[in-house]
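Structure, as structure tokens:
Nothing in this text is a laboratory measurement; each read-out follows from the coordinates by a stated rule. Because the structure is a prediction, the values reported are computed rather than measured. All Cβ positions, even for glycine, are placed from backbone atoms using ideal geometry, and neighbour counts span all protein chains on display.
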Amino acid sequence: MKTFFTILLGIACLTVVVWGHSNWNKKIAVASNHLSSFTQADGVSSQKITTGFDQEEIVAYTSNWPSTAVKTFKKAIKEKKAYKILFVGSPAIGSDTAGSYPSVKEKLIETFGKKNIQVKLKTFNSTSTKFISDNKQADLAAEKADVIVLEPFILLNNGEVLPENTLKDITKIMDDIKAKQPETTFILQPSYPLFQAKFYPNQVAVLKKFAEENKIAYLDHWTAWPDPNTNAFKDYLLPDGSAPSAKGYEVWSNYLIKYFTNQ
């Protein structure tokens, strides 16, 4: 009798295992069919699911951009071409390894995808007038960038180039590039603020007004910095004021990231 019950219990256990395995396979099949139906019905390719980048999703990140830039971005995505953003200015905006640029580049690639966007930097230690006399705008045109974020040497021009001449130089730089690359969109930004500066803020105000009057996008990142006339602002610059400190660059880069990724 004991042997009989042992055999019966073994049969029962085997039956449960076989039934559970069969039921699990059915659930897997149903889930697989459901995913297949979802993919076909909603037009979501397996590649998009894997990469996590969907056209409508990444276009939504461009909502702060100028309309011309959004238009060329959509075109690039449709044609499966990498969209090119070029940051240009004085060394104050940083380098490939320091300043505000590296974190901005990293976040742009993370947001839009390495295959969808290219981000480059070109800096020049010169005034806007010398930049033009050296015909450096030809170098920028050769980059064939979709967007050029230009810091127009506003700080290096301080005390060297009159504000009205700075505006003429900016206009020539943009006109010369657009003559070769008509679809390039320009975005202007000032350099970093200075502690208790007297004339420099007026030059930046002139640049901002110029951008508004000519309907050029302007990155007013000064609004994110502490009041430059207070002692607390000193922490945002190096002791000699020659560049932003780590805290200063963090403010600058965070502003740019929020603008370019709508986050």
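So here's what we get for this one:
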{"quantity": "Antiparallel DSSP beta bridges within the stretch 52-261, percent to nearest 5", "calculated": "10"}
{"quantity": "Distance cut-off 19 Å, percentage of C-alpha pairs in the stretch 91-146 lying past it", "calculated": "43"}
{"quantity": "Net charge of neighbours whose Cβ lies under 9 Å from the Cβ of residue 188, counting Lys and Arg as +1 and Asp and Glu as -1", "calculated": "0"}
{"quantity": "Backbone HN-Hα couplings from phi across the stretch 245-252 [Karplus 6.51/-1.76/1.60, Hz, Gly and Pro as x]", "calculated": "7, 4, 5, x, 5, 5, 4, 5"}
{"quantity": "Fraction in percent of alpha-carbon pairs per bin - 10 Å, the stretch 65-127", "calculated": "21, 45, 28, 6"}
{"quantity": "Distribution of pairwise C-alpha distances over the stretch 115-158, 10 Å bins, in %", "calculated": "22, 54, 20, 4"}
{"quantity": "Under 16 Å from the Cα of residue 209 - aspartates and glutamates, other chains or at least 8 residues apart", "calculated": "151, 164, 169, 220"}
{"quantity": "Mean projected area (nm²) of the alpha-carbon convex hull when the stretch 172-224 is viewed from all directions", "calculated": "4.3"}
{"quantity": "Estimated FRET transfer efficiency (residue 79, residue 171; beta-carbon r; R0 22 Å; 0.05)", "calculated": "0.10"}
